[in-house]
Amino acid sequence: MATPLLQVDDLAVSFHTRNGIVRAVRNISFQVNRGETLGIVGESGSGKSVCCYSLLRLLPMPPGRIESGKAIFDGSMDLLSASIRDLNKVRGKRISMIFQDPMTSLNPYLKVGQQIMEPLLIHGSTTKAAARAQAIEMLKSVGIHDGEQRMEAYPHQFSGGMRQRVMIAMALITKPDLLIADEPTTALDVTVQAQILELIKKMQGELGTAVIFISHDMGVVAGFCDRVNVMYAGKIVESAGTQKIFEEPQHPYNKALQKSIPSLQQKGKELFTIEGLPPDLAGDLRGCPFAPRCAYAVDYCRRDPVELLETRPGHYSACLRVQRKEITLQS
Amino acid sequence: MNPFLQIRELKTHFPISKGIIFQREVGKVKAVDGVNLELQQGEILGLVGESGCGKSTLGRSILHIIRPTSGQVLLDGVNLTLLEPEALRSARKDFQMIFQDPYATLNPRMTVYDTLAEAFRAHFKVKGNAIKAEVVQLLGKVGLPASALNKYPHEFSGGQRQRIAIARALAVKPKLIVADEPVSALDVSVQAQIINLLAKLCRELGLTLIFISHDLSVVKHIADRVAVMYLGKIVELGPAVTVVERPLMPYTKALVSAVPIPDPVLEKSRKRMLLTGDPPSPINPPSGCPFRTRCPYAIEKCAQVVPPLEDFGTQFAACIRIREIQGLESVGSSRAG
């Protein structure tokens, strides 16, 4: 079997705050294969963004600290222990990132063209003229046709959707192997969101880039991702192909999450809700983190340690009761 | 019977001025541009549209948080537009607002008790213990324990804060509530709790609710009727299920088809109606139909006539080509079949 593009093992990230240690990501492992789209879904505070930020070491440290883990990129380089110099050769070139809010992630003082060319000029051996030509070409492929003039514009002269296009152009201009997209469409309207998702898909097809797609929106993930990791309280609680995640949920949290989405398909009397709140991540959690809110929880769920295990071929779940085949969650 | 809330030709325009000393008006942002609406008592109306379409401004203009430029708002027979500031203030106990971000709209230095008691004190002549009893009862209504009384907003999660904001709006026993994206800042599982709560309260208290949202699936779930806005105008209006399942206006169609469905098989199989570009600026809206610049069905005539909101039996829609388009589509689908 070919080595995966990114192999993350036992990653743990915590924040050392005045009020104690918050363990945001709790020993998770996953992999990303070449060219695939991996979705990471979860509610706020589940650790999905922290996990990806730590891969590129973009977390403010301190208070953040990577406690353990490895992230082997392309079979050779450990992103978490590499020197900053080595890391800088990779990030922005072979791994790029798009953020949620395109206004705060573009520099308002610099012309858009300059910002798109920057990754090429920093990493590449291209001349400025070549970089410029490439940037205009890139703007065209993200749907900004008057690239020549738009290169000279400043970010505030663009709308939200256009800015996100600029971000995508900037991220993909170096033809990266991996694109990390952190809620890239959350700040956008649905009609623009549909455009941007279509665009990322198209670019992915052209460049063969693998994508880690972080989202809280199960609907977006359903249409966009090949595989999905569901995160809860800093842990991956379920992982499988997209279709299986939706059709054969193997973790009560995943099932409950799907049931609580108001859907266009049906108008129910009352929405299903998950009672209670996610656990406080300061300190240790005994047993399954979802147990206090789980309709299926029994005594040993609150006591015994849980691991992510394969419960069906290619389908991983961190539910003790599913693992012991005591419950089935088919809808 | 007269409708409970009547909105007639409501317009809210914001002037754009230039110049430092001699300010002159160089244009207008037509945020709300001629809206007519009628609501029955106890009805839930969903107001949807993209950002910048004027849905929040409309909500605020109805409550006179922003004074509308022209037009009338009649609540239970009282013309709010004509009220003097003093009279308007005392009328405000009949209508309240819930905002999107419960982090920003609760005063961080006031306890829950202070926040809720302030509303009572402002409008009713009640004192001390009586207020406390009312506040505790109010907390119960929104599903918070009495122990929350002496806590500060930062001690609560987003969903709980939204419950406090709802309690504050309910404190003065309003008849009309405008909720401006009340669940957009919340996670899905918490969002469901708040939607259920709002629906329950409306049922129990007979509240009339205008629910502003950009999320069609949420609106379809909670609302009786839906109004779709585009560039300051209502372009489609009808029963929630009808509008979402069988939209007439091309814009609503595009909006519905852009909503992601949490089902990978359906999601991959369905045909999207992708719009190009962004909504045009409300400073200089296109002539004729505001949607024509992005509409795949637009013809020359669309630039000349401003389409009226026409009655199509099941719903109202503003498009001059609806009958033609429907004809085209039924031909298309019979061919495909």
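Only one residue in A:Glu275, A:Glu247, A:Glu310 is surrounded by fewer than 16 Cβ atoms within 10 Å (Cβ to Cβ) and away from chain B (no Cβ under 12 Å), so which one is that? Explain how you work it out, then say what you get.
Working: A:Glu275 fails: away from chain B (no Cβ under 12 Å); A:Glu247 fails: away from chain B (no Cβ under 12 Å).
Within the list A:Glu275, A:Glu247, A:Glu310, the selection yields A:Glu310.
Can you tell me which of A:Ile200, A:Ile214 is away from chain B (no Cβ under 13 Å), in contact with a Phe, Trp or Tyr (Cβ under 9 Å, 6 or more places away or on another chain) and either under 30 Å from B:Tyr230 (Cβ atoms) or among the β-branched types (Val, Ile, Thr) (or both)?
A:Ile200
Condition first: assigned to a loop (DSSP other than H, G, I, E, B), of a type in the set (D, E, K, R) and surrounded by fewer than 18 Cβ atoms within 10 Å (Cβ to Cβ). Now tell me which residues in region B:258-296 satisfy that.
If the condition is that a residue be assigned to a loop (DSSP other than H, G, I, E, B), of a type in the set (D, E, K, R) and surrounded by fewer than 18 Cβ atoms within 10 Å (Cβ to Cβ), then B:Arg270, B:Lys271, B:Arg272 are the ones that fit.
With respect to B:Gly42, determine if the residue is of a type outside the set (A, V, I, L, M) and touching a Lys or Arg at 6+ places or on another chain (Cβ under 6 Å). It would help to see each step written out before you state the result.
On the way: of a type outside the set (A, V, I, L, M): yes; touching a Lys or Arg at 6+ places or on another chain (Cβ under 6 Å): no.
Here the answer is no, as B:Gly42 does not meet what is asked.
Can you tell me which residues in region B:205-241 are assigned to a helix (DSSP H, G or I) and more than 14 Å from chain A (Cβ to nearest Cβ)?
Selection gives B:Leu205 alone.
So, in region B:141-184, of the ones that are of a type in the set (A, V, I, L, M) and part of a helix (DSSP H, G or I), which residue ends up surrounded by the fewest Cβ atoms within 10 Å (Cβ to Cβ)?
Among those that are of a type in the set (A, V, I, L, M) and part of a helix (DSSP H, G or I), it is B:Ala146.
Quick check: anything in region B:321-335 touching a residue at least 60 places away in the same chain (Cβ under 8 Å), within 11 Å of chain A (Cβ to nearest Cβ) and at negative phi?
Scanning region B:321-335 turns up no residue that is touching a residue at least 60 places away in the same chain (Cβ under 8 Å), within 11 Å of chain A (Cβ to nearest Cβ) and at negative phi.
Would region A:45-55 turn up any residue that is touching a Leu at 6+ places or on another chain (Cβ under 6 Å), surrounded by 22 or more Cβ atoms within 10 Å (Cβ to Cβ) and not polar (S, T, N, Q)? Show your work before the answer.
First pass over region A:45-55, keeping only residues touching a Leu at 6+ places or on another chain (Cβ under 6 Å): A:53, A:55.
From what is left, the residues that are surrounded by 22 or more Cβ atoms within 10 Å (Cβ to Cβ) are A:55.
Narrowing the set further to residues that are not polar (S, T, N, Q) leaves A:55.
For region A:45-55, residues touching a Leu at 6+ places or on another chain (Cβ under 6 Å), surrounded by 22 or more Cβ atoms within 10 Å (Cβ to Cβ) and not polar (S, T, N, Q): present.
I'd like the residue in region B:64-116 that is among the hydroxyl-bearing types (Ser, Thr, Tyr) and not in a loop (DSSP other than H, G, I, E, B) and, out of all such residues, is farthest from B:Gly140 (Cα to Cα).
Residues of region B:64-116 that are among the hydroxyl-bearing types (Ser, Thr, Tyr), as a first pass: B:69-70, B:81, B:90, B:103, B:105, B:111, B:113, B:115.
If we keep only those that are not in a loop (DSSP other than H, G, I, E, B) too, we end up with B:70, B:81, B:90, B:103, B:105, B:113, B:115.
Details: B:Ser70: 41, B:Thr81: 35, B:Ser90: 26, B:Tyr103: 21, B:Thr105: 21, B:Tyr113: 13, B:Thr115: 16 Å.
Taking the candidates together, the pick is B:Ser70.
For region A:140-156, which residues satisfy the criterion of being surrounded by fewer than 21 Cβ atoms within 10 Å (Cβ to Cβ) and farther than 13 Å from A:Gly113 by Cα?
Of everything in region A:140-156, those that are surrounded by fewer than 21 Cβ atoms within 10 Å (Cβ to Cβ) and farther than 13 Å from A:Gly113 by Cα turn out to be A:Ser141, A:Gly143, A:His145, A:His156.
Could you tell me which numbered condition A:Lys267 fails, if it satisfies all but one of (1) modelled with pLDDT of 80 or more; (2) touching a helix residue (DSSP H, G or I) at 6+ places or on another chain (Cβ under 8 Å)?
Here A:Lys267 meets the rest and fails (1).
Among the listed residues A:Ser29, A:Ser46, A:Ser76, A:Ser83, which satisfies the condition of being within 24 Å of A:Pro279 (Cα to Cα) and away from chain B (no Cβ under 14 Å)?
A:Ser29
May I ask you to say which residue of A:Ala291, A:Ala233 is without any contact (Cβ under 8 Å) to a residue 12 or more places away in the chain, among the hydrophobic types (A, V, I, L, M, F, W, C) and buried (at least 21 other Cβ atoms within 10 Å of the Cβ)?
The match here is A:Ala291.
Say whether the condition of being within 8 Å of chain A (Cβ to nearest Cβ), touching an Asp or Glu at 6+ places or on another chain (Cβ under 9 Å) and not charged (D, E, K, R) is met by at least one residue in region B:163-180.
no
Inside region B:21-35, can you point out the residues that are surrounded by 14 or more Cβ atoms within 10 Å (Cβ to Cβ) and either closer than 29 Å to B:Lys200 by Cα or hydrophobic (A, V, I, L, M, F, W, C) (or both)?
Here is the first cut: in region B:21-35, the ones surrounded by 14 or more Cβ atoms within 10 Å (Cβ to Cβ) are B:27-35.
Answer for region B:21-35, where residues must be surrounded by 14 or more Cβ atoms within 10 Å (Cβ to Cβ) and either closer than 29 Å to B:Lys200 by Cα or hydrophobic (A, V, I, L, M, F, W, C) (or both): B:Val29, B:Ala31, B:Val32, B:Val35.
The values are calculated or read from the model by the stated rules, or taken from the named source; none is laboratory data. Note that the structure is a prediction, hence the values are computed from the model and not measured. FYI the Cβ positions are ideal-geometry reconstructions off the backbone, even for glycines, and counts take in every protein chain you see.
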